[in-house]
Amino acid sequence: MVRDYNNRHALEQKLRSAPTPSAADHLMVGHWRTMATVLARTGQAEAVRQAIASVPELSLRFSGPGEWLVVSEVEAPSGLVRRLGELCDGRAHVVDQSDGRVVFRLAGPNVRSILAKGIGLDLHPAAFTIGGSANALCGHIPVNLARTDEDTFELIVPRSYAESLFDDLTKMGRAFDLTAAFSD
Amino acid sequence: MASLITCPHCGLRPKEEFAIRGDASRGRPEPMDSDEAWHDYVYVRANPRGRTLEHWHHVAGCRRFLVVERDTATHEVYSVVDAAEFARRAAQ
Ligand SMILES: [Zn+2]
């Protein structure tokens, strides 16, 4: 395989042990997820947001005014960048982040109690609605937090923080017997 | 968490997410202004008690610079605006 030389996930050491059956509260780490940052030019934020939001398989994660992380479950990194370039049509800068970030998906009935140990945001279902997202601190680690389903949240961190965040989330979830594994 | 700042982009956030960058009420001197003016601007700091304007950088959120008007004694926050918006209003 051509990319053998860099084909090592940031959490390969941490998640090396044999997978145990997942508990009610479970942490999934995407092996390779495709995402890119999009930064709109001045005055183009709303046009860019609408263009990307019109594509159902692209997920917009708010990170600042006129700036998003765009996550895709179907595209390859080069495909996503090309697709976003076409959609934005010169109205935004697009930078691939697929190898630079790690996605954690935390799901289960106690997901809010677990996250509340590290994140100072209102996570009530009425306050943090499905599709909502925000940049925040989890402990001391900057994360992008998004609610993707009823009791499912995704945390996106820079790759070099992945091991620290993994350790933190494991501790935060210990009281709820949180399990963890690669999702694919 | 006693100190909460309402970021215009991110909503109510704890102060741990911010870095305070000092006095926002002073304008930058012109490039050829006197050494005294530049010395004042770069090195001389007031330490006021009461209502002040400060630059707060939302490092762990939207990463925008904000101008926060607050009381340094009580930490009552009067207003928070994006620094670009603050500059636009000041220029008018
Ligand atoms: Zn903010």
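Computed from the coordinates by the stated procedures, all read-outs in this text should not be read as laboratory data. Predicted, not measured: the structure shown is a model, and the values here were computed from it. Cβ placement follows ideal geometry from the backbone for every residue including glycine, while neighbour counts extend to all protein chains displayed.
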Once you sort the root eigenvalues of the Cα gyration tensor of the stretch A:1-159 as a ≥ b ≥ c, which label holds: rounded (a/c under 1.5), prolate (a/b larger than b/c) or oblate (the other case)?
oblate
Rotationally averaged projected area of the stretch A:34-96 (alpha carbon convex hull; nm²)
3.5
Averaging sequence separations of C-alpha pairs under 8 Å and six or more residues apart, then dividing by the length of the stretch A:34-96, give the relative contact order as a whole percent.
49
Computed over chain A: relative contact order in percent, which uses C-alpha pairs under 8 Å that are six or more apart
29
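Rounded to the nearest 500 deg cm²/dmol, what is the calculated helix-only ellipticity per residue at 222 nm for chain A, with -39500 (n - 2.57) per DSSP H run of length n ≥ 4?
After summing the helix terms and dividing by residue count, I get -5500 deg cm²/dmol.
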Compute the helix-to-body angle for A:162-172: its Cα long axis versus the longest principal axis of chain A, expressed 0 to 90° and rounded to tens.
50
Taking chain B, how much of its Cα-Cα pair set, in percent, is spaced more than 19 angstrom apart?
45
Charge sum, other residues only, whose C-beta stays under 13 Å from A:Ala92's C-beta, Lys/Arg counted +1 and Asp/Glu -1:
0
Enumerate the lysines that B:Lys15 could reach by cross-link, defined here as Cα to Cα under 21 Å, with residues fewer than 8 away along the same chain left out.
A:Lys117
Between rounded, prolate and oblate, where does the stretch A:139-184 land on the alpha carbon gyration tensor, with a ≥ b ≥ c its root eigenvalues, rounded for a/c under 1.5, else prolate if a/b exceeds b/c?
rounded
With a/c under 1.5 counting as rounded, go ahead and sort the protein assembly as shown into rounded, prolate or oblate using the C-alpha gyration tensor (a ≥ b ≥ c being the square roots of the eigenvalues; past the cut-off, prolate if a/b is larger than b/c, else oblate).
prolate
Across peptide B:17-23, what mean number of C-beta atoms from other chains lies inside 10 Å of a residue's C-beta?
1
